[in-house]
Structures are given as C-alpha cells and as structure tokens.
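The values are calculated or read from the model by the stated rules, or taken from the named source; none is laboratory data. None of these values were measured; they are calculated from a predicted model. Note that each Cβ is placed from the backbone with ideal geometry, even for glycine, and that neighbours are counted across all protein chains shown. What goes into the accessible areas is simple: the full protein's heavy atoms, side chains included, and nothing from ligands, DNA or RNA. Shrake-Rupley method; radii C 1.70, N 1.55, O 1.52, S 1.80 Å.
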Amino acid sequence: MKDADIKRLFYVHIFCIISIVLTTFIPSFFLEDFSVLETHLTWLCICSICVAIINVVLYLQVKPNPSSKRSSIFHKISRLLKSCVYFFISCLLFHAIIVLYGAPLIELMLETFLFAVILSTFTTLPCLCLLGPNIKAWLRVFTKNGASSIWDNSLQITTMSSVIGAWLGAFPIPLDWERPWQVWPISCTLGATFGYMAGLLISPVWIYRNRKQLTYKSR
C-alpha cells in the first residue's frame, strides 16, 4: 500500500465533504428563503445532485480501479444504463425499508422517497462508481475480509456510517420537543449526511493508522 493512494483517497473525500458544505450556503444566493430546515426538500435535491456529480467526476479522474481491457462504446453505454437502473432500484429498496421501519406509507411519500434518494447517493452511488453494476463485487466487498483495496475499505466505512447516522437520526422524531428539525425526515437526512461526512473523514485516517496490518489479495 502506497501513501500516495491514501492521499488520493483523502483528497477525494475532502472534495465530497466540501460539496456538501457548499450546498448549505451557495443556493441561498440564488433561492429566496433557502435553508436546510425551511426548504428541506429543495436542499435534499440539491445535495443529492451535487454529491452525485462530484462522486462521478472525481472517480473518473482518479480511476482507482482502472480496467485492463479497452471497453467499446456499446459496453460503456450498457454499463451506464445498468448503473442508472441499479441506482433507481436502490432508491426503491431504501424507500421500502424506510416504510417498514415506520415511515408513513402514503402521507409524506415524496419526503420519504427523497430521503431514500440521498441515502442511495451516499451508499449505492460510490459503489457504482468504484465497482460498477457488479453485484458479485459488491457482495465481495461487504463480506468479512472482502476488501481488496483501500477504496473497498472506504466503501465499507462510509456506507456503514451513513446507514447508522440515518438510523440514529430517527430517535429524536417521536420525542415531544416540538423542534422544527423533528419534522419527517429532516433529522434522518441530517443524521445520514453527518454519518456520511464522518465516514469520509474516518476512513482515510483509519486506513493510514492500520496500513501495516492491511493486506489485500488480488481478485
């Protein structure tokens, strides 16, 4: 493992964090009365789009897992379409899981789906960027000792921290505090966002501290 690879990982994660921070300030210059709490659905859409663009652009530039074979245009288009389908399926699955965990089935459906979209952006999209629409690769990465690179480790940490953050964000909702951020799904989306950002910061630090113990098998 080279320190240069860890630095690349760190820089990619820093740019992802900056993109999220900017979505809380930049839109207010163009949209009247914009705020994360008051216009939460608007912020959800902007944040999801910005994080998605940054992820795609950065991973295309960094190319952490370059393919040894030259792909045809047809193959690239097919891969792109499959990735879009996988992302949409991920949104539907997250939506269904969130409803099963107690979210309203009919009421606030748009809010629930947008929450599922941003959660997919934090978890599924990086997997698509790094691993492609390859279910076997995903299952391999998220099994014990399945990581074959530092990028796989970062996927494990950021995905887990995003989901845990969203889960923890649900705890204040039923409490009788009558705070504006307790409205569904604000606390959950904020929890997922903070969890994702925490994972982005923790993963390169954890990898750097454990770089001597980490060994990767070629797949």
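Taking R0 as 41 Å, what FRET efficiency do you get between Q182 and F29 from their Cβ-Cβ distance, rounded to the nearest 0.05? Working shown, then result.
Numbers: r = 28 Å, r/R0 = 0.69.
It comes to 0.90.
A convex hull fitted to the Cα coordinates of the chain yields 143 cubic angstrom per residue.
With the simple spin-label model, which puts each label point 7 Å out from Cα in the Cβ direction, the L41 to F74 separation comes to 4.3 nm. Summing Lys and Arg as +1 and Asp and Glu as -1 over all other residues whose Cβ lies under 12 Å from the Cβ of I14 gives a net charge of +2.
With the helix formula -39500 (n - 2.57) applied to DSSP H stretches of n ≥ 4, the chain reaches a computed 222 nm mean residue ellipticity of -23000 deg cm²/dmol. Accessible surface calculations at 1.4 Å, restricted to protein heavy atoms, place the range 80-154 at 51 Å² per residue. Note on R209 and I164: the extension gain reaches 13.9 nm, defined as 0.36 nm multiplied by sequence separation minus the Cα-Cα distance. Total lysine pairs in the range 1-150 at Cα distances under 22 Å, for residues eight or more apart or on different chains: 10. Charged neighbours of L60, selected by a Cβ distance under 13 Å, balance to +3 (K, R count +1; D, E count -1).
Where does the charge balance sit around L201 when Lys and Arg score +1, Asp and Glu -1, over other residues with C-beta under 15 Å from its C-beta? Show your work: numbers first, answer last.
Working: positive: K7, R209; negative: none.
Every neighbour counted, the sum reads +2.
Of all aspartates and glutamates in the structure, the ones whose alpha carbon falls short of 17 Å from that of K212, not counting any fewer than 8 places away in one chain, are D3, D5, D152.
For the range 1-135, the Cβ-based charge dipole about the Cα centre amounts to some 1120 debye (Lys, Arg positive; Asp, Glu negative; other atoms uncharged). The value of relative contact order for the chain, using C-alpha pairs under 8 Å at least six residues apart, is 23 percent. If you wrap the Cα atoms of the range 6-65 in a convex hull and average its projected area over all directions, you get 4.4 nm².
On the accessible surface of the chain, probed at 1.4 Å, how many percent belong to carbon and sulfur atoms? The C+S portion of the solvent-accessible surface of the chain is 68 percent. The 3J(HN,Hα) values that the Karplus relation (6.51, -1.76, 1.60; θ = phi - 60°) gives for the range 91-97 are, in residue order, 4, 5, 5, 4, 4, 5, 5 Hz. Gly and Pro appear as x.
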